[in-house]
1. May I ask you to verify whether ILE216 is assigned to a loop (DSSP other than H, G, I, E, B), in contact with an Asp or Glu (Cβ under 9 Å, 6 or more places away or on another chain) and more than 15 Å from the ligand (Cβ to nearest atom)?
2. If a residue has to be touching a Gly at 6+ places or on another chain (Cβ under 8 Å) and either over 20 Å from VAL128 (Cα atoms) or in a strand (DSSP E or B) (or both) to count, how many in region 50-67 make the cut?
3. Taking the condition of being among the small types (Gly, Ala, Ser) and assigned to a helix (DSSP H, G or I), how many residues in region 8-48 meet it?
4. How many residues, within region 113-125, are hydroxyl-bearing (Ser, Thr, Tyr), within 16 Å of ILE25 (Cβ to Cβ) and within 8 Å of the ligand (Cβ to nearest atom)?
5. Scan region 103-116 and tell me whether some residue there is open to solvent by 20 Å² or more (accessible area, probe 1.4 Å) and touching a residue at least 60 places away in the same chain (Cβ under 8 Å).
6. Consider LYS165 carefully, then state whether it is of a type in the set (Lys, Arg), open to solvent by less than 30 Å² (accessible area, probe 1.4 Å) and under 16 Å from the mean Cα position of the chain (by Cα).
7. Quickly run through region 219-261 and pick out the residues that are among the polar types (S, T, N, Q), open to solvent by less than 30 Å² (accessible area, probe 1.4 Å), over 20 Å from ASN96 (Cα atoms) and not in a helix (DSSP H, G or I).
8. Which of the residues belonging to region 19-46 are of a type outside the set (Gly, Ala, Ser) and in contact with a Gly (Cβ under 6 Å, 6 or more places away or on another chain)?
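The values are calculated or read from the model by the stated rules, or taken from the named source; none is laboratory data. What you see is a predicted model, and the numbers here were worked out from it, not measured in a lab. Here Cβ is always computed from backbone atoms with ideal geometry, including for glycine, and neighbour counts include all displayed protein chains. Just so you know, the surface numbers come from the protein's heavy atoms only, side chains and all, with ligands and any DNA or RNA stripped out. Shrake-Rupley method; radii C 1.70, N 1.55, O 1.52, S 1.80 Å.
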Amino acid sequence: MSENIFKDNILQGKVAFVTGGGTGITGGVARALAEAGAKLAITSRKIENLEAAAKIITDNGGECLPVVCDVRDYEAVEKAIAATVEKYGKIDIVVNGAAGNFLCKANELSTNGFGTVVDIDTKGTFNVCRAAFEELKKSRGQILNISATLHYLATPMQIHVSAAKAGVDAITRNLSVEWGRYGIRVNGIAPGPIEDTEGMKRLLLPELKDKLVKRIPVGRFGRIKDIENSALFLCSDAASYINGVTLVVDGGQWLLGTSLG
Ligand code: COA
């Protein structure tokens, strides 16, 4: 895949607020937005992840404000949004990438374990959208929610994340309808299995990896770069009439129903 598929600086002048922007898929999306010219604020619970990610962005000539914030804490989210507006004057793009995940059988999962993931993924996404609304209204901005394909069929050991991401997709659709009138576009991306991530190392048992890749129609696992390119497309003016869509970026994997449980 070529290094840079898009025209240079397609997001010049934009300000992006990216939760979970320190690591993994959303860390890649944050870097890609910065490389496309956007100024960034990135949040996560861990300052060490944020500082490392911010250094890569600033070393590369970008601007990045790292803000420690647990998306479950609405007051902390409001403060993070306010710090971003104080530094850059506005917010044009919100990316909701903060997520929690682990493998656990439903009959062994505590109700607090289930609730914790729903709180981070679903309620956290709502918290950030809600807190950013006034700024997005002013900028006629947009929201990109990082979802998953786990809930399209059924994914054993992932009932908590499946329920949480189904909720995220509902938020994407509802807000696209309610906030479209303010010029705010709300979309999502549902990545399939992405190989160069911590999640893949933790969540896919090695003995299942070969079995799974053989059942991906395009014949390979996804890469963070695949999600970066989709995010850039959806955040750019090329997608200015796309609203309420969760774009599946999985090489066709879910259509084959490749659940391995
Ligand atoms: N299996 C079963 N239950 C688990 C679990 C696991 N691997 N990890 C957490 N839980 C349960 C806990 O037991 C607890 O429930 P309990 O009080 O009934 O025992 C509940 O979830 C909350 O766990 P806790 O560790 O207190 O919550 P936390 O807010 O600190 O972190 C996560 C929760 C989900 C975010 C944590 O697993 C984590 O930090 N994961 C790494 C980050 C991540 O998942 N990123 C996404 C990559 S795709």
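1. On the way: assigned to a loop (DSSP other than H, G, I, E, B): yes; in contact with an Asp or Glu (Cβ under 9 Å, 6 or more places away or on another chain): yes; more than 15 Å from the ligand (Cβ to nearest atom): yes.
Yes: the conditions hold for ILE216.
2. First, the residues of region 50-67 that are touching a Gly at 6+ places or on another chain (Cβ under 8 Å): 50, 52-53, 66.
Restricting the remaining residues to those that are either over 20 Å from VAL128 (Cα atoms) or in a strand (DSSP E or B) (or both) gives 52-53, 66.
Counting residues in region 50-67 that are touching a Gly at 6+ places or on another chain (Cβ under 8 Å) and either over 20 Å from VAL128 (Cα atoms) or in a strand (DSSP E or B) (or both) gives 3.
3. Within region 8-48, the subset among the small types (Gly, Ala, Ser) is 13, 16, 20-22, 24, 27-28, 30, 32, 34, 36-38, 41, 44.
This time we only want the ones that are assigned to a helix (DSSP H, G or I), so: 24, 27-28, 30, 32, 34.
The total comes to 6.
4. Here is the first cut: in region 113-125, the residues hydroxyl-bearing (Ser, Thr, Tyr) are 116, 122, 125.
Retained after the next criterion (residues that are within 16 Å of ILE25 (Cβ to Cβ)): 125.
Cutting the leftovers down to within 8 Å of the ligand (Cβ to nearest atom) gives us none.
So the count comes out to 0.
5. Keep residues of region 103-116 that are open to solvent by 20 Å² or more (accessible area, probe 1.4 Å), which gives 103-112, 114-116.
Within this subset, residues satisfying the condition of being touching a residue at least 60 places away in the same chain (Cβ under 8 Å) are 103.
Yes: region 103-116 contains one or more residues that are open to solvent by 20 Å² or more (accessible area, probe 1.4 Å) and touching a residue at least 60 places away in the same chain (Cβ under 8 Å).
6. On the way: of a type in the set (Lys, Arg): yes; open to solvent by less than 30 Å² (accessible area, probe 1.4 Å): yes; under 16 Å from the mean Cα position of the chain (by Cα): yes.
Answer is yes for this residue.
7. Taking region 219-261 as the starting set, the residues that turn out to be among the polar types (S, T, N, Q) are 229-230, 236, 240, 243, 246, 253, 258-259.
Okay, now just the ones that are also open to solvent by less than 30 Å² (accessible area, probe 1.4 Å), so 229-230, 236, 253, 258.
Checking which are over 20 Å from ASN96 (Cα atoms) leaves us with 253, 258.
Passing the criteria: only THR258.
8. From region 19-46, those of a type outside the set (Gly, Ala, Ser) are 19, 23, 25-26, 29, 31, 33, 35, 39-40, 42-43, 45-46; that's our starting set.
Scanning region 19-46 gives THR19, THR26, ILE42.
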